[in-house]
Structure formats: structure tokens, C-alpha cells
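The structure under discussion appears below in the form of C-alpha cells.
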Amino acid sequence: MEVCKQIALGTFDPFVHELEDPYRSIRPRDPWVEAAVRYLRWTAARSLVPKRQENLSLPPSNPERPLLLYVHIPFCRALCAYCSFHRFIFREDVARRYFAVLHEELELLREQGYVFYSLYVGGGTPTVLPDELLRLIAHARELFPLREVSVEGDPLALDPAILGEMRGLVDRLSVGIQTFDDDLLLRAGRLHKFGTSESLQRRIAASVGILPFLSIDLIFNWSEQTPQMLCRDLEILLGLGPEQITTYPLMVSPATRSQNKLLLGNVSSAQEAVYYKVVRRTLEPAYTPTTAWHFARGDGRRDEPIDEYVVDYPEYMGAGSGAFSFRGDALYVNAYDLEEHERLVRSGKNPVTHTVAFPRRERYLYELMVELFSRKVSEERFSRIFGVPLTRVMGKELALLEKIGALRRTDDGWATTPRGEYLALALMREFYVAMDNVRERLRAELGAKR
């Protein structure tokens, strides 16, 4: 909280790096961070381009590779300007029909021999029809030996009655609050949908403790956000005490840039580093970082479920329209068109319509990014995934990361430093933007088809 006191007193200078500050290596316009982001952007534009193929099938289940099941619910009551995930405006009749198809898709995966131990339901707004969502989760628990279930929801899901019905079915609810500033909520189009800062705080206060884990998402680096506004957001959340906090920078893709600029203004990458330092110095030690942008209350546990499931599950399967699956060296994408998705599932086929395979070196780099993001680079994990020693195929990259102070050697691998964690945050932000570009291309195909 010391940094927020400095901000309140007007004595905080982001360009002064005290020796006792553990985050002094997080600096605006870090040339190594900017170079890595440019390289990822160039690589993604060249390689991350799924192509449509007919009669695609998914690789069979491998008992030695535990899989997470991701289920996509692509409906929202209103669309946020900064979001480019696959979603449609909610219509109850269409959504209920879609949930019925999802039941059949899960049964198809079971018949094909897939086994899942973790379920993540994302969107869209999975909680748009709570009754349908809970029936689907109950069905999934009957089909698969699930150990944990995570669900995304909007602030309207923060209702003790809804959460009471989730108890026993859902282990973790992740809710995007984004900010407690009423002006930013208004500009982002969320004030009238979900209520004022005061009402959001009441909802959170009434919801903490009902489920094993309640995670609240905050966005930082809004164009009009000041350090004082960020501190207020963080201090409010610290006072409410949810089990988990996820706080990440505003992500602007080409598809959302013009709308974001119109409603929210320009985003500064220099400000991002400063605000990340404020986040880290304010949330700790009350919360422990488990990834570069996720925090668990108290000492935390690394085995708690989190939003970025790729950290724990290098391979995963997607069910639902627009869902991604990552198996081996290839990304698979389910049909974006709801009618095509339904037709394929009801004909007994996986609804996969697009795929792209990656060169092995790009897979190595992707895995290195994920491990940086997880705050630990593990030789054992890398060898288990690829069957080759990490130092043999990524030795130069590891040496460079050590040289610039992003990694430090440990007994069983490497740990990220604060500079490495900011590098990981910037890379993951850019990776999400690249995935948004994929979604935009698929959405354009869907529009042209219609």
C-alpha cells in the first residue's frame, strides 16, 4: 500500500527506482520487452492463420496427457467495445437450443473416449441462463471424473441465490468487474448494464465465501485512468477480500481499436509498465502472485484453478461454437456458425472446421512464454511435453533471459524476476491480441457466408 500513499501525496515518480524497491526493474519502454512483443506480433501474423478444411477430426485421447475441457457459451445481453471474443447478442430461444446441442457434444466426446479432469466454461456470458448452465455442468460431472469446474460470469451472477445453486457444482466463479470507477464504467458501456461502483461492491461483499473461489477481474491501463483511480480500484478490492484477483492490461486488437479509441481514448504502453508496478506493490503481501497477472489471497496455492488454464493444461479440448482445441502441434477451431455447429454435432461429428499446425520451434517458444507467465520455467515439464531437454533447444533464449535479468537459476529450473514477469505479461497480452485477430478473421468468414 506504500506506493498508493506516495501517489496520494503526489510523491510517486515512476521514473525513480529506489534500490529497496523489488520491482525497480519494471520500467516503461523496456527495449527488451518491446523487441519481444514485436517478434511475437510478427510470428503470429505469419503463423497463426487457421485454414478451413473439410472432414476434420481431432487426435484421439492420450491417457498420459491430461486434458482440460473448455466449453464456450457465445451469448451476451450486450457487447462490450473492448471485447472481441466469439459472441452473439442473447436470444433466449437460440441460447436454449444451443445448450441442448452442447449436451449432445459432451456425450459425443465421451463416446470417443475422451476423459477430462477439469472443466472451464467461458464466453460470452456463461451465466446468461443459470438454469441451463447448471444442468450442463451437472451433465458434464456425470460424464467425466471432474475434479474442478471454473465458470466465467458477469456481475449479475454475483447473486447469493444463484451462487447457492452453484455450490457443489462450481468450484470457481470468475467475474469481470473491470473497474470501480463510475466514469470508466459509463464510457465502457457497463454502468447501465451492471450498475454503479457502489452496487458492484455490495454484490461482491454478499458473494465472497459462498463458493470455494471467487475471482474478480480488474483491467488497468484504461486511457483515462490515473494512478489515483487505479489505487482506488485496488484498495476497494483489497477491502472486499475475494479469494482471487486477476488484473491485466486493457487489450486492444485491430478489430476493436477504432471503437476503443472512440469510447475510451488511446492506450499508452509506457503507462502499462508503471501501472503494473503499482498493482504488484499494492496487492502484495495480502495476495500472492501465482502467475504474472493472477493473485491468490494470503499465501495462495499454485494448485488453485485459474483463468489461464494453459498454465496447467498444455493441451485442451474445446466444445461449443468458436471453441479452440490445442492438441500436439496444432490448433483446431470449432464452427463459428451456430447452425453449422449444430448440424455437425447432430450428425455425430466433432464440429471442427479450421486448423493450423505450428513448426516445432514455435511450439517451444509458446511453451517458454507460458512458463514465463507461470513464474517458473521447468526443465521437467518441458521434457515431459516435448521429449527433449529444454536447454538443448532453448539454450540461447534461456541465456539471454538470464543475461537481461528476466530469469534466475533455481535448483529445478528457473524463476522469473519482476522484469521477467512484466515481460511475460506483455507477451501474454500480445498473444491474446493475436488470438483476437484469429477470431476476427473467422467472424469475417461467417459474415461473408451470410
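What follows draws every value from the coordinates through simple rules; no lab data is involved. Just so it is clear, the model here is predicted, and its values are computed rather than measured. Cβ placement follows ideal geometry from the backbone for every residue including glycine, while neighbour counts extend to all protein chains displayed.
Cysteines in the chain lacking any other cysteine Cβ under 4.7 Å from their own Cβ: Cys76.
As an exercise, take the mean of 1/r over every pair of distinct alpha carbons in region 51-311, invert it, and state the Kirkwood radius in angstroms.
When all Cα pairs of region 51-311 are included, the Kirkwood radius is 19.5 Å.
For the pair Leu9 and Asp182, a Förster radius of 35 Å applied to the C-beta separation gives a FRET efficiency near 0.90, rounded to the nearest 0.05. Rg and Dmax of region 297-450, based on Cα coordinates, read 18.2, 57 Å.
Cα-based values for region 171-227, radius of gyration first and Dmax second, are 12.2, 35 Å.
Mean separation of Cα pairs under 8 Å and 6 or more residues apart, divided by the residue count, gives the chain a relative contact order of 21 percent.
Distance between the C-alpha centres of region 373-417 and region 192-221: 37 Å, rounded to the whole angstrom. In plain terms, the residue of Asp329, Asp312, Asp233 with the fewest other Cβ atoms within 10 Å comes first and the most crowded comes last, giving Asp329, Asp312, Asp233. Given Ala78, Leu163, Thr127, which one lies farthest toward the positive end of the charge dipole of region 51-311, if we put +1 on the Cβ of every Lys and Arg and -1 on the Cβ of every Asp and Glu? Looking along the dipole axis, the top candidate is Ala78. Using C-alpha pairs under 8 Å with a sequence gap of at least 6, the mean separation divided by the residue count of region 51-311 gives a relative contact order of 16 percent. Using Cα centres only, tell me the gap between region 105-144 and region 289-357 in whole Å. That distance is 12 Å. Scaled to the globular estimate 2.2 N^0.38 Å, the Cα spread of region 109-162, given as radius of gyration, is 1.22. What you get for region 51-311, charging only the Cβ of Lys and Arg (+1) and of Asp and Glu (-1), is a dipole of about 500 debye around the Cα centre. Projecting the Cα atoms of Phe326, Val267, Val49 onto the charge dipole of the chain (Cβ charges, centred on the Cα centre) puts Val49 farthest toward the positive pole. Averaging the sequence gap over all C-alpha pairs within less than 8 Å and six or more residues apart, then dividing by the number of residues, gives region 327-430 a relative contact order of 22 percent. Here are a few candidate values for percent of Cα pairs over 34 Å apart: (1) 31; (2) 27; (3) 41. Which one was actually calculated from the structure I just gave you? Entry (1).
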